[in-house]
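Contents: one structure, followed by commentary.
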Amino acid sequence: MSGDGPRTKVRLKDARAHTASSQRWLSRQLNDPYVQRAKSMGYRARSVFKLEEIDERFGLIKRGRIVVDLGAAPGSWSQYAVKKGARVVAVDLQPMDPIAGVTIIEGDFLEAETEQALVQVLEGQDRVDLVLSDMAASSTGRKLVDRLRAEQLGEAVLTFAEAHVGQGGAVLIKLVRGAEAVLQQQAKTIFRSVRILRPEATRSDSSECFLLALDRLPAEGTPAQEPGSLR
Ligand SMILES: C[S@@+](CC[C@H](N)C(=O)[O-])C[C@H]1O[C@@H](n2cnc3c(N)ncnc32)[C@H](O)[C@@H]1O
């Protein structure tokens, strides 16, 4: 999906009131067609268009599917999934304004008690259909450290997905470039199909990419179903 047509560049009226980096951020926000579009459609973040692009291509989110949204705040991915009829459990370190149809857990996904709270909410569901992770550790500016932290988050998501995603289910994980090699190998032992994507709405100067793993293989001791049997 591409952005809207050419627009007049918005300039800050009182640039002196802002530091150089906040000026750059504000100017980028004001001139970003995805930001404008998200706002006009009632979405809380521009990142919704990354999920939309991937969903339109791979048909991940459908009515009745159970979706876990990790790193969910401010909430545009949850808003999108609920709009499409999914049942959503959202987790974030930050508080998040309520969304009808979304159960919100505030906590660090890397902490055992957050995962316990998540498992409790999911109790009674026979399986999770889709795990989404847009989690990003704040950048240290050091490439290696940032890559290792992204790998750590990605591994924790894959471990969670291995335990909770049902056969045929899927996981989408945001990573930074360089972290995908290790995780791709790990994902291939759990899912039939694994690919790396960079949606059009990704900012051109961003080092992020997404790992999409489709069609969870049967867990050991589980009778096999037809491939790609996400409900
Ligand atoms: C890019 S934002 C997510 C945007 C969201 N997908 C949306 O569409 O509104 C990344 C989020 O990940 C959260 N996050 C980062 N590390 C986390 C962790 N360890 N546990 C839970 N949330 C985390 C941050 O608090 C932040 O809100």
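Any read-out appearing in this document is the output of simple, stated calculations on the displayed coordinates, not a laboratory observation. Everything numeric here is computed off the predicted structure, so don't read it as measured data. Ideal geometry is used to build each Cβ from the backbone, glycine not excepted, and the neighbour counts take in all protein chains shown.
Values computed for the structure shown
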| read-out | value |
| --- | --- |
| Chymotrypsin sites (Phe, Trp or Tyr not before Pro) within segment 137-216: DSSP coil, no more than 11 neighbouring Cβ in 10 Å | none |
| Helix-derived mean residue ellipticity, 222 nm - over the chain, DSSP H n ≥ 4, -39500 (n - 2.57), to 500 | -10500 deg cm²/dmol |
| Using alpha carbons only: equivalent-ellipsoid semi-axes of the chain, gyration tensor based, whole Å | 31, 19, 18 |
| Sequence-distant residues sharing a close amide H with Ser133 (under 5 Å, placed H) | Leu70, Leu172, Ile173, Lys174 |
| J(HN,Hα) series, segment 82-91, from Karplus relation 6.51 cos²θ - 1.76 cosθ + 1.60, nearest Hz, glycine and proline x | 5, 4, 8, x, 7, 9, 10, 10, 10, 10 |
| Ranked by how many other beta carbons lie within 10 Å on average, peptides 74-86, 128-140 from highest | 74-86, 128-140 |
| Distant-in-sequence amide H partners of Ile105 (H built 1.01 Å from N, under 5 Å) | Ala90, Val91, Asp92 |
| Antiparallel DSSP beta bridges within the chain, percent to nearest 5 | 40 |
| Helix 48-58 axis, angle to the chain major axis (alpha carbon atoms, nearest 10°) | 40 |
| Backbone HN-Hα couplings from phi across segment 170-187 [Karplus 6.51/-1.76/1.60, Hz, Gly and Pro as x] | 9, 9, 10, 10, 6, 9, 9, 3, x, 8, 6, 4, 4, 6, 4, 4, 4, 5 |
| Low-density loop positions, GluC sites (Glu not before Pro), segment 104-192 - DSSP coil, at most 12 other Cβ in 10 Å | Glu111, Glu123 |
| For segment 57-98, convex hull volume per residue from C-alpha positions, Å³ | 68 |
| Taking the chain and dividing mean pair separation by its residue count, relative contact order in percent (alpha carbons under 8 Å, at least six apart) | 16 |
| Estimated vicinal HN-Hα couplings, Hz - segment 146-157 in sequence order (Karplus 6.51, -1.76, 1.60; Gly, Pro = x) | 4, 5, 5, 5, 5, 4, 4, 5, x, 5, 5, 5 |
| By average C-beta atoms within 10 angstrom, highest first, the peptides 182-190, 165-173 | 165-173, 182-190 |
| Computed over segment 94-231, Kirkwood Rh from alpha-carbon pairs, angstrom | 16.1 |
